[in-house]
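Notes follow once the structure below has been shown.
Nothing in this text is a laboratory measurement; each read-out follows from the coordinates by a stated rule. The structure presented is a predicted model; accordingly, all values stated were derived computationally and were not measured. Cβ: placed from backbone, ideal geometry, glycine included. Neighbour counts: every protein chain shown.
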Amino acid sequence: MKKLGERYLNGQSHFYLMHLSYEGEERERLWSYAITPSNEMIGLDLPNEVIMDWEDIPIIDKQRFHKRRPVWYNQFETFCKLMNDGDIVVIMSGWNPILGIGRIIVENQTRPYDYRKELIGIFFDHVRKVKWEYKGNPIFLKTSLTGFNNTLLDIKPSSSLWEKISNADLAS
């Protein structure tokens, strides 16, 4: 049986691990929206706190936000600035299973992500385009990723999370 790492992570120096945090029907609705061929996107939001385009927030306000919510600040910086064209993102439902694997698409280097206010209540308002490499049946890990409590993490090969994700069995 082929391993996830062999198929999707070979040659990668890192990948992004992302929660689709909502449960039940809400999670299903969001996932369905994300993988619809006319959408093909991932998203991030922090309702009532980050309510505008990340790039338009004044530096002083970002500095205040960083002091108050450092984890969220880092997640927005990663999502909006650090993800590059071709990067792999693995989407999880909580700690288990994997829902999908996407490849980041950047069509405009000066504008690598979009703020889509019209998506509030439908999806997430900060979005990135992806090509879904895998969006089939959920891939269950042998052990759940307990301790993965953030929405977005940059995973390096030296991480124990890399090993757990890489060793997931794929259906033939």
Inter-label distance, nm, simple model (7 Å from Cα along the C-beta direction), Asp53/Ser144
4.0 nm
Could you state the number of Å between the C-alpha centres of the range 85-100 and the range 127-172?
5 Å
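When a footprinting reagent is the concern and you count Cβ atoms within 10 Å, what order do Ile60, Ile122 take, fewest first? Could you put the intermediate results ahead of the total?
Details: Ile60 8, Ile122 13.
Sorted ascending by nearby Cβ count, the order is Ile60, Ile122.
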Compute the Rg to Rh ratio over the range 36-172 from the alpha carbon atoms, using the Kirkwood formula for Rh, and round to two decimal places.
0.97
One checks the Cα atoms of the range 1-53 and finds Rg and Dmax, in Å, of 15.0, 45
Taking N as the residue count of the range 98-170, its alpha carbon Rg divided by 2.2 N^0.38 Å gives 1.33
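What FRET efficiency comes out for the pair His14/Ile120, r = Cβ-Cβ distance, R0 = 30 Å, nearest 0.05? Please list the in-between numbers first.
Working: r = 30 Å, r/R0 = 1.01.
E(calc), rounded to 0.05, equals 0.50.
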Report the local net charge at Leu141: Lys and Arg +1, Asp and Glu -1, summed over other residues whose C-beta lies under 13 Å from its C-beta.
+1
Theoretical ellipticity at 222 nm over the chain - DSSP helices of four or more residues, -39500 (n - 2.57) apiece, nearest 500
-6000 deg cm²/dmol
Helix 24-35 versus the longest principal axis of the chain: what is the Cα-based angle in degrees, 0 to 90, to the nearest 10?
90 degrees
Helix axis angle, 59-68 relative to the chain longest principal axis, alpha carbon, degrees:
60 degrees
